[in-house]
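Right, one structure below, let's go through it.
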Amino acid sequence: MAKPLVILHGWGRGDLKKWQPTQKILHQAGFKVFLPPLPGFFGQPPPQKPWTLADYADYVTGYLKHHRLNQPIILGHSFGGSVAIKLI
């Protein structure tokens, strides 16, 4: 069974397609890759109020539970790295 790996993207505009080459390489290496768009990014509605890093970490925790991802590897890029640290 493939080990789950969750990529938390950075703060910015654009789309998640730029992660496709990375996803492909990681998939070929035996990982099941998840790339959740965080609220307020990549077409996702923004939060009702400004969120803290802890709020984003809570969102990711909910995402992990929803997808039944137990002990995934978390890869955080830029802002996503800050969110990942809050998950520890």
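The values are calculated or read from the model by the stated rules, or taken from the named source; none is laboratory data. What you see is a predicted model; the values in this text were computed from it and never measured. Reconstructed Cβ throughout: ideal geometry from the backbone, glycine too, with neighbour counts over all protein chains shown.
What are the pairs, 6+ residues apart or on separate chains, where a residue within segment 45-58 that is touching a residue at least 24 places away in the same chain (Cβ under 8 Å) and within 14 Å of residue 87 (Cβ to Cβ) has its Cβ under 7 Å from a residue that is charged (D, E, K, R) and not in a loop (DSSP other than H, G, I, E, B)?
53/86; 54/86; 57/86
Quickly run through segment 55-82 and pick out the residues that are within 18 Å of residue 10 (Cβ to Cβ) and out of contact with any Gly (no Cβ under 6 Å at 6 or more places or on another chain). Can you show your working first?
Here is the first cut: in segment 55-82, the ones within 18 Å of residue 10 (Cβ to Cβ) are 55-57, 59-60, 63, 73-82.
Selection gives 55, 56, 57, 59, 60, 63, 73, 74, 75, 76, 81, 82.
Before we move on, is residue 2 at pLDDT below 95 and not acidic (Asp, Glu)?
Values: at pLDDT below 95: yes; not acidic (Asp, Glu): yes.
Spelling it out, residue 2 is indeed at pLDDT below 95 and not acidic (Asp, Glu).
Which helices (runs of 4 or more DSSP H) does the chain wholly contain that include 1 or more residues that are on the phi < 0 side of the Ramachandran plot, touching a helix residue (DSSP H, G or I) at 6+ places or on another chain (Cβ under 7 Å) and buried (at least 16 other Cβ atoms within 10 Å of the Cβ)?
Numbers: elements: 20-28, 53-66, 79-86.
By residue number, 53-66, 79-86.
Would you confirm, using the coordinates I've provided, whether residue 39 is touching a residue at least 40 places away in the same chain (Cβ under 8 Å) and in contact with a Pro (Cβ under 7 Å, 6 or more places away or on another chain)? Before the answer, list the steps.
On the way: touching a residue at least 40 places away in the same chain (Cβ under 8 Å): no; in contact with a Pro (Cβ under 7 Å, 6 or more places away or on another chain): yes.
No: the conditions fail for residue 39.
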